[in-house]
1. Quick one: accessible area per residue over the chain, 1.4 Å probe, rounded to a whole number of Å²?
2. How large a share of the accessible area of the stretch 29-161, in percent, is made up of carbon and sulfur atoms when the probe is 1.4 Å and the other protein chains stay in place?
3. Could you check the spin-label model distance between Asp45 and Asn136? Points 7 Å from the Cα along Cα→Cβ, value in nm.
4. Over the stretch 19-81, with a single point scatterer placed on each C-alpha, what log10 of the ratio I(q)/I(0) does the Debye formula yield at q = 0.28 1/Å?
5. For the peptides 84-95, 15-26, what is the packing order when you average, over each peptide's residues, the other Cβ atoms within 10 Å and list the highest mean first?
6. Span-like helices, the chain: DSSP H, alpha-carbon axial extent 24 Å or more, mean Kyte-Doolittle 1.0 or greater, which ones?
7. If you stretched the chain out fully between Ser2 and Ala34, how much longer would it get, using 0.36 nm times the residue separation minus the C-alpha to C-alpha distance?
Amino acid sequence: MSKALGTFALVTVLSALLMALSLAVARHGYPYGAFGMKRLDGIADAASFLAIAAIYFFSALLMMVLPIRAAGVVLTHAADAIFWATIMLFATIVGSLLARWALGQHDVLWALLNWRFLFVVAIVAAHLTMNELRRNILLRSLFFVVFAAATLACLFWSFSV
């Protein structure tokens, strides 16, 4: 947990510094600042977490039914990578918004209230409790169904609000 928080904090600071640099360059009239802001804003989309969550929940579903060695492969080669990508992407979004807020765009923080960021919370919560879920047969069976439903919902349900 502390490694995840440390990673989140560092990526937030780094992306905030890059966004602040881009904003400062753009304020001085150079077009490169707008390019930098556009690139950072390009990944700052809450809707991208739907696809990431679908992939994570499918890998979590596999970890519930696979034998321990195969589940370990899925954990280390898929779920961990997706978890860290989620942390990095969300930290980049938060850092970019904090830099904009610090440099005078005070209403940008409302973007953090997007309900799609609940998928970030779900991925992090599932990842941090995965060990307990694998140990208990009742939880494993229950969360197999939960992860299957979450995977299908993230892939096929129209979240149009």
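1. Numbers: 9450 Å² over 161 residues.
Value for the chain: 59 Å² per residue.
2. 73 percent
3. So the two model labels end up 3.8 nm from each other.
4. Here log10 of I(q) over I(0) equals -1.02.
5. Numbers: 84-95: 20.5, 15-26: 18.9.
Ranked by mean Cβ neighbours within 10 Å, highest first: 84-95, 15-26.
6. Working: long enough: 2-27 (37 Å, 1.62); 48-65 (27 Å, 2.28); 80-102 (32 Å, 1.44); 137-156 (28 Å, 2.34).
Within the chain the helices that satisfy the rule are 2-27, 48-65, 80-102, 137-156.
7. Values: separation 32, 0.36 × 32 = 11.52 nm, distance 3.46 nm.
Taking 0.36 nm per residue and subtracting the Cα distance, the gain is 8.1 nm.
The values are calculated or read from the model by the stated rules, or taken from the named source; none is laboratory data. Small disclaimer: the values here were computed from a predicted structure and weren't measured. Every residue, glycine among them, receives a Cβ derived from its backbone with ideal geometry; neighbour counts consider all protein chains shown. What goes into the accessible areas is simple: the full protein's heavy atoms, side chains included, and nothing from ligands, DNA or RNA. Shrake-Rupley method; radii C 1.70, N 1.55, O 1.52, S 1.80 Å.
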